[in-house]
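Worksheet: one structure, shown below.
The values are calculated or read from the model by the stated rules, or taken from the named source; none is laboratory data. Predicted, not measured: the structure shown is a model, and the values here were computed from it. Cβ atoms come from the backbone with ideal geometry, glycine included; neighbour counts cover every protein chain shown.
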Amino acid sequence: MMKRILRWLILGGTLFFLGKALKDHWFEVTAIRIDGVGWAILAIATGVTLLAHTWAGWIWTWVLQELNEPVQPSQFIQVYLKTNLAKYLPGNVWHYYGRIVAAKNANVSSGAATLSVLLEPLLMAAAALIIIVLFGSQLAAANNTFVLQTLRVLSLVAVLCAVHPWFLNPAIRFLSRLKGKKSDNAKSSISLSIKRYPLRPLLGELGFLGLRGTGFILTMFALGSLNSSQIPLLLGAFSFAWLLGLVIPGAPGGLGVFEATAIALLQHHFPAALVISAIALYRLISIIAETAGAALAWLDEQLAKSY
């Protein structure tokens, strides 16, 4: 009950903030025009965002390989892209469920399939925190910079430790024993472990966030002029907003939370109308890229079956 109330409070708060921001800057937003070069840049941003999701699907296969599950990358990238849109369904777990089912159907063990979709967002969060620590210093007020930077570093250390074999393997064993007790069959619990730190998937997730951030920066650039000194600020703000959209409950696909956070972080550094327009456009670009990815994956699957 409390979780449902919290979700509605988060949804209501973000919608109120977004509605007020749009109302206050409505005339400036409607005055923004996109020229031919701008539309071309937006098309490139869509392609970069599609590439980011395809790359994320490949990283998922790396995570499975870390769990000693050799998989065919092309097949699992297809699954990843086809299930991506399910994150917008209420509950924000259906894309994970679809991947677990597809992995099990491909003879991946139940434990490895489940653990892979738990590790993936943890590694994504770690990658986002790394970018925030590196580029997020401009987001805080001067008198709070040290405190917030310290909190960001501590959060990053905690997440990096959480995916280390020293901490992760005991947690896996504990959950396996718990599952065995609940099923009254200890033999049914699958013993899983990772042999080394998942450095390659973590670096891959840094690439994913870099591509997503590039798509957002291109969207901003399509609407207004930017200079190179503003790119670290935009990348840090994007990563922070994306991370909150990932971890806050009640926001399927980060919808609303990402937008409200990005506006709050950037409206004092750029014209508010530019920020609002770019964020709205980027959400549209993300959905188009995810839809295109799912359609292309389905088409590729059908073509493979026809041969």
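Considering only segment 87-116, state which residues are free of Cβ contacts under 8 Å to residues at least 12 places away in the same chain, part of a loop (DSSP other than H, G, I, E, B) and more than 17 Å from Leu192 (Cβ to Cβ). Val93 - this is the single residue of segment 87-116 that is free of Cβ contacts under 8 Å to residues at least 12 places away in the same chain, part of a loop (DSSP other than H, G, I, E, B) and more than 17 Å from Leu192 (Cβ to Cβ). Residues to consider are Arg200, Arg212; find the one that is surrounded by fewer than 19 Cβ atoms within 10 Å (Cβ to Cβ), of a type in the set (Lys, Arg) and either touching a His at 6+ places or on another chain (Cβ under 7 Å) or modelled with pLDDT of 90 or more (or both). Being surrounded by fewer than 19 Cβ atoms within 10 Å (Cβ to Cβ), of a type in the set (Lys, Arg) and either touching a His at 6+ places or on another chain (Cβ under 7 Å) or modelled with pLDDT of 90 or more (or both) holds for just one of Arg200, Arg212, which is Arg200. Remark: pairs (first residue in segment 33-47, touching a residue at least 40 places away in the same chain (Cβ under 8 Å) and more than 15 Å from Ser286 (Cα to Cα); second residue part of a helix (DSSP H, G or I) and not hydroxyl-bearing (Ser, Thr, Tyr); Cβ separation under 7 Å; 6+ apart in sequence or on different chains) = Ile34/Ala222; Ile34/Leu223; Gly38/Ala222; Gly38/Leu223. Yes or no: segment 36-53 includes at least one residue that is at pLDDT below 90 and either surrounded by 14 or more Cβ atoms within 10 Å (Cβ to Cβ) or not hydrophobic (A, V, I, L, M, F, W, C) (or both). Yes: segment 36-53 contains one or more residues that are at pLDDT below 90 and either surrounded by 14 or more Cβ atoms within 10 Å (Cβ to Cβ) or not hydrophobic (A, V, I, L, M, F, W, C) (or both). All conditions but one from (1) surrounded by fewer than 14 Cβ atoms within 10 Å (Cβ to Cβ); (2) not in a helix (DSSP H, G or I) apply to Val71; the one that does not is (1). Within the set Lys87, Lys82, Lys104, the sole residue that is within 18 Å of the chain's Cα centre (by Cα), at pLDDT 90 or above and either on the phi < 0 side of the Ramachandran plot or β-branched (Val, Ile, Thr) (or both) turns out to be Lys82.
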